[in-house]
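K.L.:
This is the structure I have questions about; it appears just below.
The values are calculated or read from the model by the stated rules, or taken from the named source; none is laboratory data. Not measured: the values here are computed from a predicted model. Cβ placement follows ideal geometry from the backbone for every residue including glycine, while neighbour counts extend to all protein chains displayed. For accessibility, only protein heavy atoms count, side chains too; no ligands or nucleic acids. Shrake-Rupley method; radii C 1.70, N 1.55, O 1.52, S 1.80 Å.
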Amino acid sequence: MKLQQLRYICEVANQGLNVSAAAERLHTSQSGVSKQILALEAELGVEIFVRNGKHISGMTSAGKAIVEQASLVLQQSENLQKLAADCCDEHSGSLVIATTHTQSRYVLPPVIRGFIDRYPAISLQLHQGTPYQIAELAAKGIADFAIATEAMDKFNDLIMMPCYRWNRAVLVPRDHKLATNQNLTLAQLASYPLVTYVSGFTGRSRLDDAFSQQGLNPKVVFTAADADVIKTYVRLGLGVGIVAHMAYDEEKDADLIALDAGHLFEDSITRIGFRKGSRLRAYMFDFISAFASHLDRATVEKVLTCHSQADVDLMFASVGLPRK
C-alpha cells in the first residue's frame with residue numbers, strides 16, 4: 001500500500017467519482033490513476049468503487065470507510081511533513097487562504113502586508129470564492145485557512161474560530177431622500193429598490209431574516225458578491241445599497257452617504273478556521289493572531305485540542321469580540 005494510492009482514491013472521491021478530473025488535479029494520467037486504484041483494491045481484497053463497465057458509478061460501503069481512513073492517513077502524513085519543515089526552517093513554506101472578496105479587499109491587505117514583511121520566504125496564495133467554495137477548499141485540505149462569515153457550518157470537518165463582529169451600512173447618493181435620515185427603519189428601507197450581496201455572501205442571511213421577522217418583502221433589484229460593484233450601481237441610481245460597513249471608505253466613497261444600519265440588523269461574525277486534525281506551522285499561528293489578536297498561539301493550541309465545533313463555540317462564548 002502506497003500513500004500515492006490513498007491520494008488517488010481520495011481525489012477521485014473529492015472529484016465526484018470523475019477519474020479524469022482527479023488525474024488532472026494530480027497531474028498524472030487517467031490510466032495511471034485507474035491502474036493504481038485497481039492495485040489497491042487487489043491488495044485490500046475489497047472493491048472501493050462500484051463500476052459500470054470501465055466507468056466508476058459509485059462507492060461501496062467498504063469503499064466509503066476506506067476513503068475516510070485514507071484521508072486521515074494523508075492528513076497525518078502532511079502533519080509529519082509540517083513538523084519536519086518547522087524543525088528545518090520555520091520561515092519557509094507556503095500558506096493558502098480561501099476567503100471572500102470583502103475580506104480580501106477590505107480586511108486582509110494590511111495583515112498580508114505585515115505577514116509578507118515578516119516572512120518573505122513564505123509562498124502565499126489567496127483564493128476567492130463563495131463561502132461554500134471557501135469551506136470546501138479548507139475541508140479538502142487545498143486551503144490552509146478559510147475566512148468567511150456564511151456557510152461555515154456546512155462542513156463538519158472544519159474548526160472555526162470567531163474573529164470579529166461587523167454590521168452594515170445603507171448607501172445612497174448625497175441627493176437621495178434618505179441621505180439625511182438618521183432614524184432609518186426597516187419599513188422605510190423596504191419601500192425602496194435594494195442593491196446588496198448575493199444570497200449566501202457576507203452576512204446576507206442576517207439581512208433577509210430581519211426583513212422576514214417584520215413581515216416585509218423588499219424588492220432586491222440587483223445583487224453582487226463585490227461591494228465595489230454594489231456601490232457602482234448605487235451611483236447609477238439603480239437602488240439603495242446595503243453593504244458591510246467596513247466596505248465604505250469616507251474618501252473614496254465621498255459621493256455617497258453611509259447610514260449606519262447596526263440598529264436594523266443583527267451583528268454578523270467573521271471566522272477563521274482549518275480542517276480538523278491539522279498541524280499548524282509557527283508562521284500559521286502568527287498569521288491567525290495578526291488577523292485576530294485575541295487568537296494568540298496559546299488560545300489556538302487549546303482550540304486544536306477541542307473535539308467538536310460545539311466545544312470551540314463554548315470556549316469563546318464569553319469572549320468579547322472586536323468590531324470592524
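K.L.:
If Leu83 passes every condition in (1) at pLDDT 85 or above; (2) farther than 20 Å from Lys140 by Cβ but one, which one does it miss?
P.N.:
That leaves (1) as the condition not met.
K.L.:
If you go through region 164-171 one residue at a time, do you hit one that is over 17 Å from Ala247 (Cα atoms), at pLDDT 90 or above and touching a strand residue (DSSP E or B) at 6+ places or on another chain (Cβ under 7 Å)?
P.N.:
Looking for residues that are over 17 Å from Ala247 (Cα atoms), at pLDDT 90 or above and touching a strand residue (DSSP E or B) at 6+ places or on another chain (Cβ under 7 Å), one finds none in region 164-171, hence no.
K.L.:
Quick one: which of Gly53, Gly16, Gly32 is more than 23 Å from the chain's Cα centre (by Cα) and at positive phi? Full working, then the answer.
P.N.:
On the way: Gly16 fails: more than 23 Å from the chain's Cα centre (by Cα); Gly32 fails: at positive phi.
Checking each option against the conditions leaves just Gly53.
K.L.:
Please work out which residue is nearest to Ser34 (Cα to Cα), limiting yourself to region 56-76 and to residues that are polar (S, T, N, Q) and under 24 Å from the mean Cα position of the chain (by Cα).
P.N.:
Restricting attention to region 56-76, the residues satisfying the condition of being polar (S, T, N, Q) are 57, 60-61, 69, 71, 75-76.
Pick out the ones that are also under 24 Å from the mean Cα position of the chain (by Cα) and you get 71, 75-76.
Numbers: Ser71: 18, Gln75: 22, Gln76: 24 Å.
Checked region 56-76; the qualifying residue nearest to Ser34 (Cα to Cα) is Ser71.
K.L.:
Cβ-Cβ under 6 Å, sequence separation 6+ or interchain: first residue in region 24-42 and part of a helix (DSSP H, G or I), partner among the hydroxyl-bearing types (Ser, Thr, Tyr). Which pairs?
P.N.:
Gln30/Ser20; Val33/Tyr8; Gln36/Tyr8; Ile37/Tyr8
K.L.:
On to the next question. Give the residue that is most open to solvent (accessible area, probe 1.4 Å), with candidates limited to residues of region 108-130 that are part of a helix (DSSP H, G or I) and β-branched (Val, Ile, Thr). Reasoning before the result, please.
P.N.:
Narrowing region 108-130 to residues part of a helix (DSSP H, G or I): 108-118.
Narrowing the set further to residues that are β-branched (Val, Ile, Thr) leaves 111-112, 116.
Details: Val111: 20, Ile112: 28, Ile116: 66 Å².
Ranking the candidates gives Ile116 first.
Condition check ((1) out of contact with any helix residue (DSSP H, G or I) (no Cβ under 8 Å at 6 or more places or on another chain); (2) within 30 Å of Pro173 (Cα to Cα)) across all residues:
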position	(1), (2)
Thr270	no, yes
Arg275	no, no
Leu295	no, no
Leu304	yes, no
Gln309	no, no
Gly320	yes, no
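K.L.:
Please go through region 3-20 and pick out each residue that is small (Gly, Ala, Ser) and either part of a helix (DSSP H, G or I) or surrounded by 19 or more Cβ atoms within 10 Å (Cβ to Cβ) (or both).
P.N.:
Ala13, Ser20
K.L.:
If you check Gln30, Gln36, which single one turns out to be more than 22 Å from Gly141 (Cβ to Cβ) and either surrounded by 14 or more Cβ atoms within 10 Å (Cβ to Cβ) or in contact with a helix residue (DSSP H, G or I) (Cβ under 6 Å, 6 or more places away or on another chain) (or both)?
P.N.:
Details: Gln36 fails: more than 22 Å from Gly141 (Cβ to Cβ).
Step by step, each of Gln30, Gln36 is checked, and only Gln30 is more than 22 Å from Gly141 (Cβ to Cβ) and either surrounded by 14 or more Cβ atoms within 10 Å (Cβ to Cβ) or in contact with a helix residue (DSSP H, G or I) (Cβ under 6 Å, 6 or more places away or on another chain) (or both).
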